[in-house]
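To keep things clear, I will list the structure first and then write my remarks on it.
The values are calculated or read from the model by the stated rules, or taken from the named source; none is laboratory data. Since the model is a prediction, treat every value here as computed from it, not as a measurement. Every residue, glycine as well, gets a Cβ built from its backbone with ideal geometry; the counts of neighbours run over all protein chains shown. Side chains are part of the model used for accessible areas, which takes the heavy atoms of the whole protein and leaves out ligands, DNA and RNA. Shrake-Rupley method; radii C 1.70, N 1.55, O 1.52, S 1.80 Å.
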Amino acid sequence: MRIYLDHAATTPVGQAAREAMAPWTSGGVAANPSSVHRSGQRARAAIETARERLAAAVGAAPGEIVFVSGATEADALAILGTLEAKSPHAPLLVSAAEHAAVLQVASREASRGRPVTMLDPGAAGAPSPDALRRTLEGLPAPAGLVAVMHTNNETGALADVPALAGIAKEHGAAFHCDAVQALGYAPIDVRSLGVDLMALSSHKIGGPQGVGALWVRDGHELVPQAVGGAQERGRRAGSHAVAAIVGFGAAAEAAARDALVNAERTAALRDRLARALTRDGGVHENVDGPRGPKHLSVRVDGVDGEALLLALDDAGVEVSAGSACAAGSVEPSHVLTAMGLAREAARASLRFSLSAATTESEVDAAAERFAHVLARLRAMPAAYGPL
């Protein structure tokens, strides 16, 4: 039996999404929601129903939801679309532990001459409100945008988003929050969080791959990046992926409804797994601070992380070394090194990520296989020792 513990990378499509998508994936009449005929109107109605479902899941108004191809596009649209409406000298502040979807956009902005400041996540894995305040007060010009994710995709570290967003606003800066790993496992209400923009993803919550959304606060100025059509009220051109959007809406509704139950159950399983893995004195958790319920990041003394990852896969346990978007990279996790871990410790780290569908028997079996694999690798230091 293979055990899948990489739910932070993607999740199986759930029942709610499958059922909602069925009429649109069973070979029926093709329809473009921008067409005015009856089939087009039907497709448009399905899109708007999904928009209402997603908006309700995050406490938003439907007109504030912009459907995009995924959270990577949502992050880029939030940052580039916001900054393009501001002075080219307005600084961009991002956490050094952000997803590459944010960091690479920040790097591009820096290459174009915009001041970019990286916020230190510290050992807790997320910038503190005090650190953000000090940074903003020390800038030579008012900041244009601050970007800090809600729940880190590698470690699960939680940011104090309401406090951070409040401080950003005190200094006249907009605030963008990547909440991809939070929806379905935390109560998400955009008004309570106080943010201006929020990125969301379908395939992290039991919806299909290839669709995401950006919530944009009503009144926030956003310059479209994809042009060529009037879709999404002119904020993102391109024909809608009807079936995927319909599945996203259904998945979001289910995720929001079950968030508290999912969080409690998944956190208990995560803690059970952590206790089992760290019984060996050479296995340590990486996060020193609040974290979401489904992530477990550990480092292992005396074993190369890539070797351990591959050996676990051979043993039928599917985990990751960090973000799935960095798969194949020989570099240590930028998230862990930003938190202060040495490069060697970061290379010796693994991410286990669970879901509400994970079972106790899967957790226990994964821990047992982990122990066997670790013992075997440690018995072969010449071949599998640290790099």
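Ala60 fulfils the conditions (1) without any contact (Cβ under 8 Å) to a residue 60 or more places away in the chain; (2) under 23 Å from Ala165 (Cα atoms) except for a single criterion, (1). For the stretch 259-282, the tally of residues that are closer than 17 Å to Asp364 by Cα, without any contact (Cβ under 8 Å) to a residue 60 or more places away in the chain and either crowded, with 19+ Cβ neighbours inside 10 Å or among the small types (Gly, Ala, Ser) (or both) stands at 3. Can you say whether Ala16 is more than 14 Å from Ala244 (Cα to Cα), in contact (Cβ under 8 Å) with a residue 24 or more places away in the chain and among the hydrophobic types (A, V, I, L, M, F, W, C), as far as the supplied structure shows? Criteria not met by Ala16. Of the listed requirements (1) more than 20 Å from Ala259 (Cβ to Cβ); (2) open to solvent by 20 Å² or more (accessible area, probe 1.4 Å); (3) over 20 Å from the mean Cα position of the chain (by Cα), Tyr4 misses just one: (3). For the stretch 38-45, the criterion of being at pLDDT below 95 and either within 28 Å of His150 (Cα to Cα) or in a loop (DSSP other than H, G, I, E, B) (or both) is met by no residue.
Among the candidates Ala78, Ala30, which residue alone is over 19 Å from the mean Cα position of the chain (by Cα) and either outside any helix (DSSP H, G or I) or within 27 Å of Gly144 (Cβ to Cβ) (or both)? The conditions single out Ala30. Give the residue that is farthest from Asp258 (Cα to Cα), with candidates limited to residues of the stretch 12-27 that are open to solvent by 50 Å² or more (accessible area, probe 1.4 Å) and assigned to a loop (DSSP other than H, G, I, E, B). Per the criteria, the residue is Gly27.
Please tell me if Ala371 is more than 30 Å from Ala259 (Cα to Cα), open to solvent by 10 Å² or more (accessible area, probe 1.4 Å), modelled with pLDDT of 95 or more and out of contact with any helix residue (DSSP H, G or I) (no Cβ under 6 Å at 6 or more places or on another chain). Yes: the conditions hold for Ala371. For Ala307, the criteria (1) touching a Gly at 6+ places or on another chain (Cβ under 7 Å); (2) at pLDDT below 95 hold in every case but one, which is (1). Inclusion of Ala366 among residues that are modelled with pLDDT under 95, in contact with a strand residue (DSSP E or B) (Cβ under 6 Å, 6 or more places away or on another chain) and either within 30 Å of Ala100 (Cα to Cα) or hydroxyl-bearing (Ser, Thr, Tyr) (or both) is not warranted. State the number of residues belonging to the stretch 106-120 that are assigned to a helix (DSSP H, G or I) and open to solvent by less than 20 Å² (accessible area, probe 1.4 Å). Qualifying residue count for the region: 2.
Being assigned to a helix (DSSP H, G or I) and surrounded by fewer than 20 Cβ atoms within 10 Å (Cβ to Cβ) is not true of Gly59.
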